[in-house]
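Scroll down for the structure; my scribbles are underneath it.
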Amino acid sequence: MDIRYDLHSHSTASDGTLTPAALLERARAADVDVLALTDHDTLAGIADADIAAQEAGLFLIPGVEISVSWRHMTIHVLGLNVNPAHQPLLDGLASLQEYRIWRAEEIARKLEKKGITGALAGAQQHCKGKILSRTHFAHFLVEAGRASSVRNVFKHYLVHGKPGYVGGQWASMEDALGWITGAGGLPVIAHPARYGLTRTKLNLLIDEFREAGGVGLEVVSGSHSRDETLHMAAVARTSKLFASCGSDYHGPEKPWMELGRLRELPDGCTPIWHADSWPVAA
Ligand code: AMP
Ligand code: MN
Ligand code: MN
Ligand code: MN
């Protein structure tokens, strides 16, 4: 029997809309066998997810998606199978959480200058955990009638050059990978086709990622087209990186991205579950 993997998902601990328990229930219903919970910059959902995974008879990979600043860009690095009690990882994530609070206040200040009041409190109302995300601002702005959809809010308010955008400093590549590998985890570049990198720049990113201890590339992603998947499969093969697959599920409001409904890894890829340190379900 084939094992169904989904190694990238979000809960209310960051910007997902299902609680960890509801997420695990949904994963079970979707016949996922192995699920990684990878909330943005937090491990706060892992304990509840672990309990729910045991109830659902599903194997949970404790994970995280760390925001990294690399050459004036934001790159997301997944840490798969991290020890959620590793103090340097927790401390590192705490520093990113603090930065998020400062950034949220800045975003609200900038929106206020454009005549949009109450954005901080509004975003906080949509935030069930401790990670304040642009997604929560997006939900507030849609609710306030400023745009017709989350996608449009990002386009008009929350990206570089728009009134509610605040740039800043996330973790360095070295720090993020140090925290992940220190916690026994496997670092994986998330949705690599999303950054709009030239081939040269992608190679540079992968070189620095590998030097810092990176081992995997998310070849199959809910946000990759078929062509992007094939391209990233070739990149993973030539760069000798393990291939990972994940939906990047954020909740049922995004029906085009369902848990566990992923393409197979293209031929010639070495799956990340073949890594030496990959845990095997008992
Ligand atoms: P943050 O980490 O707070 O800067 O927010 C990034 C999150 O916003 C991503 O993880 C996505 O979930 C979401 N996001 C980013 N860009 C878009 C977009 N264009 N449309 C919808 N959601 C987006
Ligand atoms: Mn997100
Ligand atoms: Mn991401
Ligand atoms: Mn994600």
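The values are calculated or read from the model by the stated rules, or taken from the named source; none is laboratory data. Just so you know, these numbers come straight off a predicted model, no measurement behind them. Cβ sites come from the backbone with ideal geometry, for glycine too, and all protein chains shown count toward neighbours.
Summary of values
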item	result
Of residues in the stretch 23-82 being more than 15 Å from ligand 2 (Cβ to nearest atom), β-branched (Val, Ile, Thr) and under 22 Å from residue 274 (Cα atoms), the one surrounded by the fewest Cβ atoms within 10 Å (Cβ to Cβ)	34
Residue that is surrounded by the most Cβ atoms within 10 Å (Cβ to Cβ) [pool: residues in the stretch 261-282 that are part of a loop (DSSP other than H, G, I, E, B), touching a Leu at 6+ places or on another chain (Cβ under 8 Å) and not hydrophobic (A, V, I, L, M, F, W, C)]	266
Tally, over the stretch 235-282, of residues that are within 16 Å of ligand 2 (Cβ to nearest atom), of a type in the set (D, E, K, R) and modelled with pLDDT of 95 or more	1
Among (1) in contact (Cβ under 8 Å) with a residue 24 or more places away in the chain; (2) farther than 21 Å from residue 278 by Cβ; (3) not in a helix (DSSP H, G or I), the one test that residue 106 misses	(3)
Qualifying positions in the stretch 205-257 - within 16 Å of ligand 1 (Cβ to nearest atom), in contact with an Asp or Glu (Cβ under 8 Å, 6 or more places away or on another chain) and of a type in the set (S, T, N, Q)	221, 223, 247
Tally, over the stretch 231-263, of residues that are more than 23 Å from residue 10 (Cβ to Cβ) and among the charged types (D, E, K, R)	2
Among the candidates 74, 17, 12, residue that is in contact with a Lys or Arg (Cβ under 7 Å, 6 or more places away or on another chain), within 16 Å of ligand 4 (Cβ to nearest atom) and at pLDDT 95 or above	12
Search result, residues across the stretch 232-258 that are away from ligand 3 (no atom under 16 Å from the Cβ), assigned to a loop (DSSP other than H, G, I, E, B) and crowded, with 21+ Cβ neighbours inside 10 Å	241
